[in-house]
Amino acid sequence: MPENIYNLTRAELRERIATWGEPGYRSDQIWKALYQELAPDAGAMTTLPRPLRERLAESFIFGGLKPANEARSSDGQTRKILFRMPDSRAIEAVLMGYARRRTTCISSQAGCAMGCVFCATGQMGFQRHLEAGEIVAQVLWFARELRAKDDRLTNIVVMGMGEPLHNYEATLAACDTLNDPDGFNFGARRITISTVGLAPAIRRFADERRQVNLAISLHGATDELRASLLPINKRYPLDEVFAAARYYTTTTHRRITFEWALIAGVNDTPEQAEALAKRAAGLLCHVNVIPLNPTTGYEGQASTRERVARFSAALEAHGLACTVRVRRGIDVAAGCGQLAIQS
Ligand code: SAH
Ligand code: SF4
């Protein structure tokens, strides 16, 4: 199986091309063609001599993602693409447009090992990690499409299928590639990684002092409740998650986002709001609440609008900054936690 060219760093590509006896500037041309011109394959790299294009086409695959299905929300603002990978596994990625924002929500794994009870990806179990190049390719796919309409991506969120910090190396390698000023040049500050709360990986991420934003999925502020929703809480209980979060904010001086999917009668209570406020006191953070999106494998219901408003008001009364996210794309099952592949 030929290698995915998007797996390579710029240095690795340079080395590879050098072994072919090509002059050094050729690898710069290829890198530009991949990440600035957004060439979808070697054939489109018209700045290169034909024999080199042919050799590239024989030696590499260009992402290997085949769009196999597409769904568009009724308001036309959200699109979900199902990509088939070379091993026939599938993943989904979403593009959302709000005003001037063009945000892509991409996957880091096929399936997920974390088993969060309300998440469709968790319900399908773990299939495999994505390679860095498969993560990059999702972004490039939407970037190309937007480019054709004179538009561009403004934000990337790694909140699709999978737990990005469980696939740490590949996810961060993908960020580095997308970040490269001589290539795609996508600012790290416009990338957000969301984690279920793998405390040691959060500390490692803090130590690397990246500009990439971090979000932590909480959904519960007492161990008993959180563990009933997120099984990983038994391994990394709240004290550890918050200690890692504090380590992150003190090391990086960057604000953390806590995510909270509001489930009627489960975690939308004043007691949970108070417990969350207590734990987060003095922490550089912000809470993002969103009413639960429905999934077939979980019977919990979204909190009503009144309960959502009451919960966020309770947080703010305790001095916690809070925003309520609008649910998007749920009519095409493209909302948070709704990505799953039946096959
Ligand atoms: N694995 C990472 C990122 C992918 S999930 C994580 O868990 O953070 C992205 C976000 O969607 C997480 O906050 C997750 O808890 C949330 N989510 C999962 N299922 C959901 C659902 N049914 N409704 C609303 N949010 C959900
Ligand atoms: Fe995995 Fe995140 Fe879904 Fe939990 S919420 S199962 S960590 S994708």
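Here are some notes:
- Ranked for footprinting exposure by Cβ neighbours inside 10 Å, fewest first, T296, T222, T19 give T19, T296, T222.
- Computed over the range 120-191, the alpha-carbon pair-distance distribution with 5 angstrom bins reads 3, 15, 25, 25, 16, 9, 5, 1, each value a whole percent.
- Relative contact order for the range 229-343, counting Cα pairs under 8 Å that sit 6 or more residues apart, in percent: 26 percent
- Sites Q211 and S74, calculated FRET efficiency, Cβ-Cβ separation with R0 45 Å, nearest 0.05: 0.80
- Between R310 and A11, the simple label model (points 7 Å from Cα in the Cβ direction) yields a spacing of 5.7 nm.
- The loop-placed trypsin sites (Lys or Arg not before Pro) in the range 115-168, going by DSSP, that have at most 14 neighbouring Cβ atoms within 10 Å of their Cβ come out as K149, R152.
- Along principal axes, Cα extents of the chain, largest first, whole Å: 68, 43, 35
- When T9, T177 are arranged by Cβ crowding within 10 Å, least crowded first, meaning fewest neighbours, the order is T9, T177.
- Residue exposure proxy: S312, S59, ordered by other Cβ atoms within 10 angstrom of their Cβ from fewest to most, comes out as S59, S312.
- Spatially proximal aspartates and glutamates relative to K234 (Cα-Cα < 20 Å; intrachain offsets below 8 disregarded): E163, D223, E224, E259
- With at most 12 neighbouring Cβ atoms within 10 Å, loop GluC sites (Glu not before Pro) (DSSP) excluded, longest segment of the chain: 1-207
- Hits among lysines - C-alpha to C-alpha of K66 under 24 Å, sequence gap 8 or more where chains match: K32, K80, K149
The numbers here are math on the coordinates, done by the rules we state, and not lab data. Predicted model, so just to flag it, every value in this text is computed and none were measured. Note that we place each Cβ from the backbone using ideal geometry, even for glycine, and neighbour counts take in every protein chain shown.
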